[in-house]
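The values are calculated or read from the model by the stated rules, or taken from the named source; none is laboratory data. Since the structure is predicted, the reported quantities are computational estimates derived from the model, not experimental observations. Virtual Cβ from ideal backbone geometry, glycine too; neighbours counted across all protein chains shown. The area values use the complete protein model at the heavy-atom level, side chains included, leaving out ligands, DNA and RNA. Shrake-Rupley method; radii C 1.70, N 1.55, O 1.52, S 1.80 Å.
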Amino acid sequence: MSDGHLPEISWPASVLGYDETLPTPADNLALEEALLADVEAEPAKACLRFWEPKEYFVVLGRSNRVETEVNVKACADAGIRIFRRASGGGTVLIGPGCLCYSLALPITNLHRTLGVGGVTTKLMERIAVALSQHGPQVEVCGTSDLVWNNQKFSGNAQRWLKNAFLHQGTLLYDFDLDLLARCLAFPSRQPDYRRGRSHRDFVVNIPLGSVALREILRETWQARVADVTETLRAAATKISETRYNSSEWQL
């Protein structure tokens with residue numbers, strides 16, 4: 001999977017491990033930003049977070065256009081809300097059967113040298129290797145997709161600040177793929193390996209459960225179990241109220 005030209009990255013020896021899903025989509029998206037700000041201010045707070053909401057909702061990448069990426073009528077008919085996130089990447093449908101994970105990590109000089117593309121490649125390769133050691137042979141394809149049997153089960157995106165970056169990913173393991181196909185339009189940009197396939201032919205659930213996926217990523221990043229602090233909760237609440245509950249971010 002490696003191109004053989006990128007130097008190895010020295011990742012944090014261990015990170016804080018959060019496993020908490022907040023009540024609303026806005027709260028969960030806001031907590032991601034709060035975690036990034038926390039690591040931006042204090043690199044020792046590097047962390048891995050898991051969350052899996054009970055309701056379905058669509059999340060657009062920062063520059064995505066809802067009219068081209070989403071079947072708005074299908075979402076409205078199903079009562080599915082649409083949000084925008086601060087990171088890049090494509091549009092996703094999130095809900096039960098989709099484990100969301102995020103990494104908030106400090107940026108080193110090597111990260112800056114490699115840039116977003118290089119860091120993304122190395123991070124995705126690390127996760128792909130870890131998953132492959134537990135059964136399914138996983139590859140990294142496109143910019144940042146995790147693929148099993150030439151079908152995508154994980155999309156990923158990043159947001160960089162001056163001293164820290166946020167990596168956000170989804171892992172489909174028991175997701176309603178038919179609902180995904182109804183709610184998301186064919187993407188305006190597609191990786192070469194997709195070859196024009198429909199959502200239903202392109203996307204797959206990986207044959208690993210939620211518990212196993214959590215364990216694999218915790219071990220990979222040496223995550224130490226931690227509780228979300230009241231300070232983080234307060235920061236997330238403020239971000240949720242001022243951003244994700246506004247008409248610009250909840251469409």
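Quick notes on this one:
- In region 141-163, residue farthest from the chain's Cα centre (by Cα) [restricted to those that are of a type in the set (S, T, N, Q) and under 19 Å from residue 213 (Cβ atoms)]: 149
- All of 220, 237 fail the test of being modelled with pLDDT of 95 or more and within 14 Å of residue 33 (Cβ to Cβ), apart from 237.
- Here residue 65 fulfils each of the conditions (1) modelled with pLDDT of 95 or more; (2) over 26 Å from residue 216 (Cα atoms) apart from (1).
- In this structure, residue 178 does satisfy being open to solvent by 50 Å² or more (accessible area, probe 1.4 Å), modelled with pLDDT of 95 or more and either on the phi < 0 side of the Ramachandran plot or over 18 Å from the mean Cα position of the chain (by Cα) (or both).
- Summed over region 58-112, residues that are touching a residue at least 24 places away in the same chain (Cβ under 8 Å) and either within 22 Å of residue 190 (Cβ to Cβ) or not aliphatic (A, V, I, L, M) (or both) total 38.
- Leading residue by the ranking (surrounded by the fewest Cβ atoms within 10 Å (Cβ to Cβ)) among those in region 111-168 that are under 23 Å from residue 18 (Cβ atoms) and among the aromatic types (Phe, Trp, Tyr): 160
- Long-range neighbours under 8 Å by Cβ, at least six apart or interchain, first residue over 11 Å from residue 175 (Cβ atoms) within region 198-213, second open to solvent by 30 Å² or more (accessible area, probe 1.4 Å) and assigned to a helix (DSSP H, G or I): 198/181; 199/181; 200/178; 200/181
- Within region 89-118, the residues that satisfy the criterion of being modelled with pLDDT under 95 and of a type in the set (A, V, I, L, M) are 110, 114, 116.
- Count of residues meeting criterion [more than 16 Å from residue 73 (Cα to Cα) and touching a Cys at 6+ places or on another chain (Cβ under 9 Å)] in region 177-191: 1
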